[in-house]
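A quick write-up on the structure given underneath.
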Amino acid sequence: MKRLVLLISGRGSNMEAIVKACRAEGWPAQVVAVISNRPDAGGLQFAAQHGIATAVVDHKAFASREDFDAELARVIDGFAPDLVVLAGFMRILTPGFTARYARRMLNIHPSLLPAFTGLHTHERALEMGCKVAGVTVHFVTAELDHGAIVMQAVVPVLAGDDAPSLAARVLAAEHRIYPQSVRWCVEDALVWDGERVCHRDGAPQQLLLN
């Protein structure tokens, strides 16, 4: 039984999708903890209501990123996770932290990486006149929004879209591919080919949405 620790900063809708899929689909895994860097994160209540241990490591209480990451790692390791999942965790992590969880920490980013790393992805996609947008699940490395891609979903940009409408469509795609990606990790269905990762049975790693 694989042990999953999920990190959030807000309402945790991707965390909810993963928790629900894990239980409904009978993964050989358990979400053992949800950890937030914000005491007021709405997702903590959902986790507690579903019998999942919660913890807060408030980044404001630390003088440096290194100090925060050291305490966060200590709390995470207390739950002995096989996989760490960033589910809307809005902190830039230090190289030492990412190295500690190399090849066992996932993130989701609301763009088709390597395009539009960082913030304001939907606004930037619209400003550039992109015809499609999307979302990427990837392993975390020291370089922001890089790392081996596990799965991507492509979402059309529609006439009249603004950032909120595009964001809503992308978020719906996130809730589909993030649980799938985590399940692949739980089932040891991914294999590494150098710095790339693929499904061992050739399952498609992309989702095209109309």
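Quick rundown of the values:
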quantity	calculated
Net +/- balance of residues flanking A21 in space, Cβ distance below 10 Å, scoring K and R +1, D and E -1	+2
Backbone HN-Hα couplings from phi across the range 127-134 [Karplus 6.51/-1.76/1.60, Hz, Gly and Pro as x]	4, 7, x, 4, 8, 9, 10, x
Interchain or long-range residues, amide H under 5 Å from K2's placed H	A29, Q30
Counted charge near A163, where neighbours are those whose Cβ lies closer than 13 Å (Asp, Glu -1; Lys, Arg +1)	-2
Dipole of the chain, positive direction: furthest Cα of V182, A29, P114, with charges on the beta-carbon	A29
Computed [θ] at 222 nm, helices only, for the chain once each DSSP H run of length n ≥ 4 contributes -39500 (n - 2.57)	-10000 deg cm²/dmol
Cut-off under 5 Å, modelled amide H: who pairs with R103 long-range	V140
Whole-Hz ³J(HN,Hα) from phi, Karplus 6.51 cos²θ - 1.76 cosθ + 1.60, for the range 26-35, glycine and proline x	x, 4, x, 7, 9, 7, 8, 7, 10, 10
Dipole in debye (nearest 20) - the chain, about Cα centre, beta carbon charges: Lys, Arg +1; Asp, Glu -1	340
Helix 65-77 vs. the chain, principal-axis angle (Cα, 0 to 90°, nearest 10)	70
Aspartates and glutamates whose Cα lies under 15 Å from that of K131, excluding same-chain neighbours fewer than 8 positions away	E123, D161, D162
Whole-Hz couplings from phi, Karplus 6.51/-1.76/1.60, listed for the range 137-143; x for Gly and Pro	9, 8, 6, 8, 10, 5, 7
Computed magnitude of the charge dipole of the range 1-101 (debye, nearest 20; Cβ of K, R +1, Cβ of D, E -1)	180
Amide H within-cut-off set for V154, under 5 Å, with H built and near neighbours excluded	L207, L208, L209
The range 85-144-the range 151-210 distance, computed between alpha-carbon centres (Å)	12
Mean projection area, nm², convex hull over Cα of the range 107-210	6.6
Relative packing of 130-140, 198-208, 180-190, which averages over residues the other C-beta atoms within 10 Å, highest first	130-140, 180-190, 198-208
Set of aspartates and glutamates with alpha-carbon distance to K60 below 15 Å, sequence-local pairs under 8 removed	D40, D69, E71
Size-normalised alpha-carbon gyration radius of the range 12-87, reference 2.2 N^0.38 Å	1.14
Candidate lysines - alpha carbon under 26 Å from K2, same-chain residues fewer than 8 apart omitted	K20
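Read-outs throughout are calculated quantities, based only on the coordinates presented, and are distinct from any laboratory measurement. Everything numeric here is computed off the predicted structure, so don't read it as measured data. Positions of Cβ are generated from backbone atoms using ideal geometry, with glycine treated the same way; all protein chains shown enter the neighbour counts.
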